[in-house]
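Quick notes on the structure that follows.
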Amino acid sequence: MKLKVKHPSPENFTKFGTIVVPSFKESPATLSEYHNYWHKVADISKLGDEGTVGYLEIERKDRKLSLEKMERHQETLEAFIPMSGVGIFCLAPAIPDRNVPDINSIEAFYIDGSSSFFLAPGVWHWLPFALTPQIKFTLLLKKSTVEKDLEIVDLPQKLDIVLTN
């Protein structure tokens with residue numbers, strides 16, 4: 001089965017959570033000759049007092065563009081904020097009472113630093129695929145996620161990722 005990669009947009013990303021794309025229609029909260037700053041661009045209140053920041057580096061190396069596993073965190077949102085590099089992020093919507101993602105609901109998005117990804121609790125995802133030698137992210141999530149809220153499953157079949165424009 002083939003999985004086509006698409007560019008993320010606020011419209012095609014809604015079933016996964018919130019995507020932050022720097023083309024806001026609202027006026028900036030603060031601005032100067034050298035900056036624009038928009039405040040409260042994504043709701044992370046589900047993190048409560050438990051929020052933490054992580055840092056993720058992914059190397060391209062010889063990793064094949066095929067998806068065989070996915071993970072989810074049912075108790076927290078997780079934000080992936082790209083810092084450098086280009087890659088692909090595979091996601092499947094959260095579906096209550098399902099222990100594996102629906103393989104036909106999996107979508108792949110380009111990561112190019114123009115958007116941040118705020119995944120809703122329960123959204124299936126896997127380690128992004130680097131298309132450049134390395135891709136780096138800042139992550140926002142609950143402190144206890146790695147120890148208490150990490151579920152990894154094998155997919156019923158492998159998905160080969162297809163690059164598109």
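The values are calculated or read from the model by the stated rules, or taken from the named source; none is laboratory data. None of these values were measured; they are calculated from a predicted model. Here the Cβ positions follow ideal geometry from the backbone for every residue, glycine too, while neighbour counts run over all protein chains shown.
Some points to look at:
- Restricting region 103-140 to residues that are in contact with a Cys (Cβ under 7 Å, 6 or more places away or on another chain) and assigned to a loop (DSSP other than H, G, I, E, B), the residue that is modelled with the lowest pLDDT is Trp126.
- Pairs where the first residue, in region 121-132, is among the polar types (S, T, N, Q) and the second is modelled with pLDDT under 95, C-beta under 9 Å, 6+ apart: Thr132/Arg60; Thr132/Ser84
- Residue within region 70-83 that is over 25 Å from Leu47 (Cβ atoms), at pLDDT 95 or above, buried (at least 18 other Cβ atoms within 10 Å of the Cβ) and under 13 Å from the mean Cα position of the chain (by Cα) present: no
- Residue pairs meeting the criteria (Cβ under 8 Å; at least 6 apart or on separate chains; first under 17 Å from Leu163 (Cα atoms), in region 6-18; second small (Gly, Ala, Ser) and assigned to a loop (DSSP other than H, G, I, E, B)): Pro8/Ser115
- You will find that of Leu3, Leu47, the residue that is within 18 Å of Leu131 (Cβ to Cβ), touching a residue at least 24 places away in the same chain (Cβ under 8 Å), surrounded by 12 or more Cβ atoms within 10 Å (Cβ to Cβ) and not hydroxyl-bearing (Ser, Thr, Tyr) is Leu3 and no other.
- Taking each residue of region 50-73 that is in contact (Cβ under 8 Å) with a residue 60 or more places away in the chain and under 11 Å from Cys90 (Cβ atoms) and looking for partners that are among the polar types (S, T, N, Q) and in a strand (DSSP E or B) with beta-carbon atoms closer than 9 Å, six or more apart or interchain, yields Glu68/Gln157.
- The strands (runs of 3 or more DSSP E) falling completely within region 1-69 that include 3 or more residues that are modelled with pLDDT of 90 or more map to 2-6.
- Region 145-165, residues that are at pLDDT below 95 and surrounded by 14 or more Cβ atoms within 10 Å (Cβ to Cβ): Thr145, Asp149
- Annotation for region 96-104: no member residue is under 18 Å from Phe13 (Cα atoms), in contact with a His (Cβ under 7 Å, 6 or more places away or on another chain) and not hydroxyl-bearing (Ser, Thr, Tyr).
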